[in-house]
Amino acid sequence: MAQSLFINPTPTLCFKGQSKNHGNVLFNANKPNPWKSSLAKSTSPRALETEIPTHWYNIIADLPIKPPPPLHPKTFAPLQPQDLSHLFPDELIKQEASDERFIVIPDEVVDIYRLWRPTPLIRAKRLEKLLDTPARIYYKYEGVSPAGSHKPNTAVPQVWYNAQQGVKNVVWQVRASYDQKPYRKLMMQTWGAKVHPSPSNLTESGRKILEMDPLSPGSLGIAISEAVEMAALNEDTKYCLGSVLNHVLLHQTVIGEECIKQMEDLGETPDVIIGCTGGGSNFAGLCFPFIREKLKGKMNPLIRAVEPTACPSLTKGGLRYHGMAPLLSHIYELGFMEAIAIPQTECFRGAIQFARSEGLIPAPEPTHAIAAAIREALHCKESGESKVILMAMCGHDN
Ligand SMILES: Cc1ncc(COP(=O)(O)O)c(C=O)c1O
């Protein structure tokens with residue numbers, strides 16, 4: 001097995017393994033790297049020497065004001081671990097409430113991460129040329145994972161901790177996505193999942209919705225209600241979430257930990273770090289380790305979240321449920337980052353420019369980060385500044 005080649009008997013604090021990985025191609029660190037000579041000549045240099053982190057970074061440990069505790073939806077008292085035990089396995093509940101700075105990534109999870117990690121850090125030289133900017137634009141590309149995005153960084157450990165407790169999982173997908181995104185459903189089914197369009201008639205909450213509206217297209221809220229109900233009623237079933245929760249953001253910090261090292265290897269320090277925010281997980285994953293370095297006074301990048309003007313949350317706030325990670329909202333309130341909103345047409349325009357220069361067709365979400373990076377690069381063109389712009393490119397369009 002190739003994996004056995006990459007175990008380092010003396011791991012350092014945050015990084016382990018002798019693995020060197022170009023995209024998703026692994027090779028033995030003790031043998032000459034067949035990719036190196038061709039890459040050295042490449043116009044898009046990729047950091048090659050990175051290793052997979054052995055720890056996730058928990059930013060809560062470094063915050064001067066801790067985030068307020070989540071409240072019980074019925075009593076409004078702070079949630080206790082036992083309130084969550086029917087939803088999540090014990091280890092994930094601990095991670096949700098932890099204030100430990102570093103949390104060890106289980107070896108078996110690291111082994112699976114090796115399928116696509118470390119992910120490449122790519123300089124967008126062709127985009128720079130197209131924009132005629134003196135800025136240097138880098139993107140950390142999570143699209144090399146099997147699912148084509150950053151999501152497996154947390155899906156894998158969530159499944160692993162659940163499996164340790166003998167949990168079985170099923171998936172509820174919003175009916176509209178079930179019909180409109182058939183490839184996502186097919187991918188999940190190919191990997192062995194049972195996928196139900198929500199609202200379904202398998203749960204009380206789903207049946208109630210269907211009674212009122214048999215053609216309901218579903219919503220994230222309804223799908224969550226069905227999944228939570230299933231988890232609450234069945235001993236062997238738990239609930240998993242792909243964003244928003246503290247432990248999801250925690251797992252995504254492998255992105256930023258790798259990237260700090262990759263930027264160091266290239267001799268670069270970011271002036272601006274940009275990422276899109278839906279629930280906040282890919283953005284937090286890239287930025288939290290950089291915020292740590294910023295708090296230590298090692299660098300001073302601007303950290304900028306980008307959301308759609310059509311459904312803003314950080315830039316509008318308000319008293320409604322906005323679906324943004326509470327931890328990220330707290331960090332925003334503390335002033336460690338800024339947020340902007342960009343209209344869809346500008347995002348699509350940016351995505352086309354990116355696809356036609358860099359070759360990758362981005363997922364809809366990172367088009368927001370791309371548009372913001374292009375804005376920044378064009379400002380640099382006007383001002384003549386050669387800023388280093390680092391962007392989270394969290395997935396491709398599949
Ligand atoms: C590729 C991709 N990027 C980004 C997101 C937004 O989520 P988050 O803000 O948690 O990264 C999603 C949401 O599902 C996604 O599929």
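The values are calculated or read from the model by the stated rules, or taken from the named source; none is laboratory data. Computed from a predicted model, the values in this text were never measured in an experiment. Every residue, glycine as well, gets a Cβ built from its backbone with ideal geometry; the counts of neighbours run over all protein chains shown.
Applying the criterion of being part of a helix (DSSP H, G or I) and within 16 Å of the ligand (Cβ to nearest atom) to the residues of the range 259-283, the residue that is surrounded by the most Cβ atoms within 10 Å (Cβ to Cβ) is 283. When residue 327 is tested against (1) touching a residue at least 40 places away in the same chain (Cβ under 8 Å); (2) in contact with a strand residue (DSSP E or B) (Cβ under 9 Å, 6 or more places away or on another chain); (3) under 20 Å from residue 241 (Cα atoms), exactly one condition is not met: (2). If you filter the range 338-355 down to residues that are of a type outside the set (A, V, I, L, M, F, W, C) and in contact with a Lys or Arg (Cβ under 9 Å, 6 or more places away or on another chain), you find that the one that is farthest from residue 134 (Cα to Cα) is 338. There is no residue in the range 372-386 that is within 16 Å of the ligand (Cβ to nearest atom), modelled with pLDDT of 95 or more and not aliphatic (A, V, I, L, M). Just so you know, in the range 208-222 the residues that are within 16 Å of the ligand (Cβ to nearest atom) and in contact (Cβ under 8 Å) with a residue 40 or more places away in the chain include one that is surrounded by the fewest Cβ atoms within 10 Å (Cβ to Cβ), and it is 220. Filtering 124, 176, 163 for residues that are of a type outside the set (Ser, Thr, Tyr) and touching a Pro at 6+ places or on another chain (Cβ under 8 Å) leaves a single hit, 176. Quick check on residue 83: is it out of contact with any Leu (no Cβ under 7 Å at 6 or more places or on another chain), without any contact (Cβ under 8 Å) to a residue 24 or more places away in the chain and more than 16 Å from the ligand (Cβ to nearest atom)? Considered against the rule, which asks whether it is out of contact with any Leu (no Cβ under 7 Å at 6 or more places or on another chain), without any contact (Cβ under 8 Å) to a residue 24 or more places away in the chain and more than 16 Å from the ligand (Cβ to nearest atom), residue 83 comes out as yes. Is the range 251-258 home to any residue that is assigned by TED's automatic domain parsing to the domain that holds residue 371, touching a strand residue (DSSP E or B) at 6+ places or on another chain (Cβ under 7 Å), more than 13 Å from the ligand (Cβ to nearest atom) and within 25 Å of residue 167 (Cβ to Cβ)? The answer is yes; a qualifying residue exists. Answer yes or no: is there a residue in the range 261-271 that is among the β-branched types (Val, Ile, Thr), more than 19 Å from residue 328 (Cβ to Cβ) and modelled with pLDDT of 95 or more. For the range 261-271, residues among the β-branched types (Val, Ile, Thr), more than 19 Å from residue 328 (Cβ to Cβ) and modelled with pLDDT of 95 or more: present. Residue check: is residue 128 of a type outside the set (Gly, Ala, Ser) and touching a residue at least 40 places away in the same chain (Cβ under 8 Å)? Answer is yes for this residue. Looking only at the range 41-61, residues that are modelled with pLDDT under 50 and outside any loop (DSSP other than H, G, I, E, B) come to 1 in all. Take the conditions (1) surrounded by fewer than 19 Cβ atoms within 10 Å (Cβ to Cβ); (2) away from the ligand (no atom under 14 Å from the Cβ); (3) at pLDDT 95 or above; residue 200 misses just one of them, which is (1). Residue 225 satisfies every condition listed in (1) assigned to a helix (DSSP H, G or I); (2) surrounded by 24 or more Cβ atoms within 10 Å (Cβ to Cβ) except (2). Against the conditions (1) in contact (Cβ under 8 Å) with a residue 12 or more places away in the chain; (2) assigned to a loop (DSSP other than H, G, I, E, B); (3) out of contact with any helix residue (DSSP H, G or I) (no Cβ under 7 Å at 6 or more places or on another chain), residue 240 satisfies every one except (3).
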